[in-house]
Amino acid sequence: MALSIGIDVGGTKIAGGVFDEGGNALREGRVESPAEDSEAIEKAIVGLIEQLRGDHEVTAVGVSAAGFVDAERSSIMFAPNLAWRDVPLRADLEERLGLPVVVENDGNAAAWGEFVVGAAEDADDLLMVTVGTGVGGGIVLDGQLVRGTFGIAAEIGHLRMVPGGHLCGCGLRGCLEQYASGTALVRDARAAASRDGVDTVLLDKADGDPKAITGPMVTEAAQAGDPLAMDLFAELGRWLGEGIASLVAVLDPGVVVIGGGVGAAGDILLDPVRTAFAENLTGRENRPTAEIRLATLGNRAGMIGAANLARV
Ligand SMILES: [Zn+2]
C-alpha cells in the first residue's frame with residue numbers, strides 16, 4: 001500500500017505523520033516551529049520528515065501551512081504567522097528530500113482531509129469552516145478542491161458581515177473572523193466579565209481577572225451551563241450560521257463541516273449555528289438544505305489532507 005507523509009506547519013509546532021490511503025497513521029511526530037527564521041523552518045521540516053520516513057516506503061510529501069499558496073501548489077506567497085515571503089518551498093524540499101512534494105493552504109488541506117476520510121466522506125460537495133484563532137476553511141465542488149485562479153480561494157474568514165465593523169488583521173473591517181473566531185469569543189468574554197455586578201463562573205476560573213479568561217475557559221463554562229458563557233457561544237454561533245447561509249446560497253454544498261479548536265465545543269456551538277443558518281438561508285422553505293456536521297479528524301485534518309493530496 002502506498003504511503004505518504006503529511007506535514008502541518010504551525011506558528012509554534014510542526015506536526016507530521018506517515019499515512020496510508022485510508023488516512024491511518026503508521027507513525028506521527030512533532031517538533032518546535034522556529035517561526036521567525038525561514039531557513040530554520042525548512043530545516044525543521046526536513047528533519048521531521050527524515051525522522052518519520054525511517055524505513056517506510058514513502059512516495060510523496062504534502063505540506064499544509066497557514067498562508068497564501070500559489071495555484072501551482074509550489075510557493076508560499078505570504079504566511080501571517082511565519083517568516084515566509086515568496087518561498088519556493090516545493091522546489092527546496094524536493095531537492096533536499098528526493099521526493100515529490102505538494103504545498104497546500106491549511107484550510108484547503110483540512111477540508112480535503114474531512115472530504116476524503118472524515119466527516120464529509122459520503123459527500124460530493126463540501127464547505128468546511130474552521131473556527132480557531134481565526135476563521136478559515138476550504139471548498140470542495142464536484143470532488144475537486146476549489147483553489148481559484150491565484151490559489152487563494154475560500155478565505156471564508158474574510159467574508160464581510162458588518163460594513164464598518166471590527167477592524168480585522170487583514171486590514172479591512174467587519175470580517176466574519178472578527179465575530180466568529182476563538183479570538184472574538186475571548187475578546188467578548190473579557191469585555192462581558194468586566195461589567196459591574198456580572199455573575200459568571202468565568203471570573204472564578206480566571207482568579208477574578210477578566211483579562212486572564214481564555215477560550216477553553218469559556219468552552220468549559222458554557223458546557224457547565226454558565227449563562228454568560230452560553231450567551232457568548234449563542235452569539236458566535238449566530239454569526240457563523242449567518243455567514244454559512246450566505247456561502248451556501250452561492251455554493252449549494254450537500255454538507256457543511258465545522259472544525260477547529262472552537263468546534264470542540266460541540267452542540268453548544270452547533271445548535272445556534274444550525275438555527276441561524278435555517279433562519280438566514282435564502283428560499284429556505286422551498287429547497288433542500290445542507291447538513292451541518294462537526295469535523296471528525298480534529299487538528300490532524302490538515303496533515304491527513306496534505307498527505308492525501310500529495311498522492312493525487
Ligand atoms: Zn479580514
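The values are calculated or read from the model by the stated rules, or taken from the named source; none is laboratory data. Everything numeric here is computed off the predicted structure, so don't read it as measured data. Neighbour counts are summed over all protein chains in view; Cβ atoms, including those assigned to glycine, are modelled from backbone coordinates with ideal geometry. These accessible areas exclude ligands, DNA and RNA; they are computed on the full protein's heavy atoms, side chains included. Shrake-Rupley method; radii C 1.70, N 1.55, O 1.52, S 1.80 Å.
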Pick from segment 156-166 the residues that are without any contact (Cβ under 8 Å) to a residue 40 or more places away in the chain and near the ligand (Cβ under 9 Å from one of its atoms): which of them is least open to solvent (accessible area, probe 1.4 Å)? G157
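Quick grid of which residues meet (1) assigned to a helix (DSSP H, G or I); (2) in contact (Cβ under 8 Å) with a residue 40 or more places away in the chain; (3) out of contact with any Asp or Glu (no Cβ under 9 Å at 6 or more places or on another chain):
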site	(1), (2), (3)
P216	yes, no, yes
T219	yes, yes, yes
D231	yes, no, yes
E235	yes, yes, no
G241	yes, no, no
V262	yes, yes, yes
M303	yes, yes, no
N308	yes, yes, no
Have a look at V135, V140, V146 and point out the one that is within 27 Å of A184 (Cβ to Cβ) and free of Cβ contacts under 8 Å to residues at least 24 places away in the same chain. V146
Test of understanding: among G266, G260, G237, G241, which residue is at pLDDT below 95 and crowded, with 17+ Cβ neighbours inside 10 Å? G260
Return the residue satisfying two criteria in turn: it lies in segment 280-295 and is touching a helix residue (DSSP H, G or I) at 6+ places or on another chain (Cβ under 8 Å) and in a loop (DSSP other than H, G, I, E, B), and of such residues it is surrounded by the fewest Cβ atoms within 10 Å (Cβ to Cβ). T282
Hey, among the residues in segment 119-155 that are outside any strand (DSSP E or B) and open to solvent by less than 10 Å² (accessible area, probe 1.4 Å), which one's farthest from the ligand (Cβ to nearest atom)? A120
Answer yes or no: is there a residue in segment 296-310 that is open to solvent by 10 Å² or more (accessible area, probe 1.4 Å), at pLDDT 95 or above and farther than 27 Å from V63 by Cα. no
Note: among G208, G171, just one is more than 16 Å from the ligand (Cβ to nearest atom) and not charged (D, E, K, R), namely G208
When every residue in segment 177-202 that is among the hydrophobic types (A, V, I, L, M, F, W, C), open to solvent by 40 Å² or more (accessible area, probe 1.4 Å) and part of a helix (DSSP H, G or I) is compared, the one nearest to the ligand (Cβ to nearest atom) is A191
What number of residues within segment 88-104 are open to solvent by 10 Å² or more (accessible area, probe 1.4 Å) and either touching a residue at least 40 places away in the same chain (Cβ under 8 Å) or closer than 13 Å to I152 by Cα (or both)? 6
Is it fair to say V69 is touching a Gly at 6+ places or on another chain (Cβ under 9 Å), surrounded by 23 or more Cβ atoms within 10 Å (Cβ to Cβ), at pLDDT below 95 and within 23 Å of L297 (Cα to Cα)? yes
